[in-house]
Amino acid sequence: MVSVAIICEGKNDRDFCKELITHLGFHEHHVNFYTFGGKSKLFDSADKKYDDLKLDIDSNQIEKILFVVDADNVTNDAVYGGFENTQTALNDIIGQLGFQEVSHTYIVCDPTTKTGYLESFILSTIPDAQRKCIECFLDCSQFKSKENHKAILNQIYNIAYPNAPYDFEHAHFAQLKTELIRLFS
């Protein structure tokens, strides 16, 4: 079995990846997850987690890496926000760490707008009527904090879809599924 690592921002991203990995028929225990607790920490090449990862690569315990990072929005973060800035920062950190030969990336966002985060991506996979209803609620509730917005969106989604939380057959999942399959092959 190929030894792989997934690098992501936080626990929700990790849990989502685990669920998709299981759906694809792979075993999550064959993955080393490196969660950083935020995007800026993930882009810090001096983080100790990268030292640990380098040791695992050098000892052939890790052969492939997938970075799964939110695009966010350039208006909220001029340095790392937005699809292009995130891709540039990913390329930079991968180069600084010398991981070019073993790394792939997936930027999580609404595929139509190329902005947002995991919750925006998930929202993009539900039918238009339900998505508009949720967006309308979030707009009228006037939640200002991104973290509150994400947490509330996650809760609404889980309550609305308790038995089938993600439509993994939706076209928006295709690229991420391709990246995960490549990771395990």
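Nothing in this text is a laboratory measurement; each read-out follows from the coordinates by a stated rule. As the structure is a prediction and not an experimental result, all values here were calculated from the model. As a convention, Cβ positions derive from the backbone with ideal geometry for all residues, glycine included, and neighbour counts pool all protein chains shown.
The modelled label-to-label distance for the pair Asn32/Lys54, using points 7 Å beyond Cα in the direction of Cβ, is 1.4 nm. Couplings 3J(HN,Hα) for region 29-39, derived from phi with the Karplus relation 6.51 cos²θ - 1.76 cosθ + 1.60 (θ = phi - 60°), are 6, 8, 10, 9, 9, 10, 9, 10, x, x, 5 Hz, where x marks Gly and Pro. Annotation: peptides 22-35, 113-126, ranked by per-residue average of other Cβ atoms within 10 Å with the highest first, follow the order 113-126, 22-35.
Helix 174-184 axis versus longest C-alpha principal axis of the chain: approximately 30°, rounded to the nearest ten.
Which order, highest average first, do 6-12, 73-79 follow once you tally other Cβ atoms within 10 Å for each residue and take the mean per peptide? Walk me through the intermediate numbers first.
Values: 6-12: 20.3, 73-79: 13.1.
Ranked by mean Cβ neighbours within 10 Å, highest first: 6-12, 73-79.
Maximal additional length on extending the Tyr161-Cys136 stretch stands at 7.2 nm, based on 0.36 nm per residue less the C-alpha distance.
Region 7-64 and region 66-131 have Cα centres lying 16 Å from one another. Cross-linked pairs Lys48/Lys177; Lys64/Lys177; Lys18/Lys39: Cα-Cα separations exceed 27 Å for Lys48/Lys177. Could you tell me whether region 1-109 comes out rounded, prolate or oblate from its Cα gyration tensor? Rule is a ≥ b ≥ c as square roots of the eigenvalues, rounded for a/c under 1.5, then prolate if a/b exceeds b/c, otherwise oblate. Cα axes put region 1-109 in the oblate bin. Peptide packing for 150-157, 104-111, 41-48 was compared via the average number of neighbouring C-beta atoms within 10 Å per residue; ordered from the highest value, the list is 104-111, 150-157, 41-48. Between Val74 and Asp44, the simple label model (points 7 Å from Cα in the Cβ direction) yields a spacing of 2.7 nm. Among Cys140, Ile93, Ala151, which residue has its Cα positioned farthest towards the positive end of the charge dipole of region 54-152, with +1 placed on the Cβ of Lys and Arg, -1 on the Cβ of Asp and Glu, and the dipole taken about the Cα centre? Projecting each Cα onto the dipole axis, the largest value belongs to Cys140.
Summing +1 for each Lys or Arg and -1 for each Asp or Glu among the other residues whose beta-carbon sits under 10 angstrom from that of Asn32 gives -2.
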